[in-house]
Amino acid sequence: QVQLVESGGGLVQPGGFLKLACVVSEDIFSFSHMGWYRQAPGKLREFVVTISSAGQIDYANSVKGRFIISRDSARNTVYLQMMNLKPDDTAIYSCNARNLAGDYWGQGTQVTVSS
């Protein structure tokens, strides 16, 4: 059973910075894509960013220039650096891993941007 565990969420002021981590129980390069999604209160889950095993990265327009995805294969970990955070970034952030067998999700980590 694939397990993903997120960490790094918290409360931050507008303009602040957070770095999320997603530790995966298997080799992250065994998945065609790894990514981050978020769900704000009362809204559907939305795409934030994905990275393919080949290194192609796609960002949602709302986070381009502010968020950066990276990975550490030795630690089976995918990171999400979030800069210049805005109140609209408030959401539960979930890590996703995708392969031919399907999609795997972590439990999510809460990010709250508020003064």
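The values are calculated or read from the model by the stated rules, or taken from the named source; none is laboratory data. Bear in mind the structure is a predicted one, so any value in this text is a computation, not a measurement. Here the Cβ positions follow ideal geometry from the backbone for every residue, glycine too, while neighbour counts run over all protein chains shown. Side chains are part of the model used for accessible areas, which takes the heavy atoms of the whole protein and leaves out ligands, DNA and RNA. Shrake-Rupley method; radii C 1.70, N 1.55, O 1.52, S 1.80 Å.
Laid out as a table, the results:
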item	result
Check on SER32, more than 18 Å from ASN99 (Cβ to Cβ), in contact with a strand residue (DSSP E or B) (Cβ under 8 Å, 6 or more places away or on another chain), open to solvent by 20 Å² or more (accessible area, probe 1.4 Å) and among the polar types (S, T, N, Q)	no
Within segment 47-99, considering residues that are free of Cβ contacts under 8 Å to residues at least 60 places away in the same chain, farther than 22 Å from LEU11 by Cβ and basic (Lys, Arg), the one surrounded by the fewest Cβ atoms within 10 Å (Cβ to Cβ)	LYS64
Near pairs, Cβ below 7 angstrom, 6+ apart or cross-chain, from segment 5-17 (under 29 Å from ASP27 (Cβ atoms)) to any residue that is of a type in the set (Ser, Thr, Tyr) and open to solvent by less than 60 Å² (accessible area, probe 1.4 Å)	GLU6/TYR93; GLU6/SER94; GLU6/THR109; SER7/THR109; GLY8/THR109; GLY9/TYR93; GLY9/THR109
Hits in segment 100-115 (condition: within 14 Å of LEU18 (Cα to Cα) and either open to solvent by 80 Å² or more (accessible area, probe 1.4 Å) or out of contact with any Pro (no Cβ under 8 Å at 6 or more places or on another chain) (or both))	THR109, GLN110, VAL111, THR112
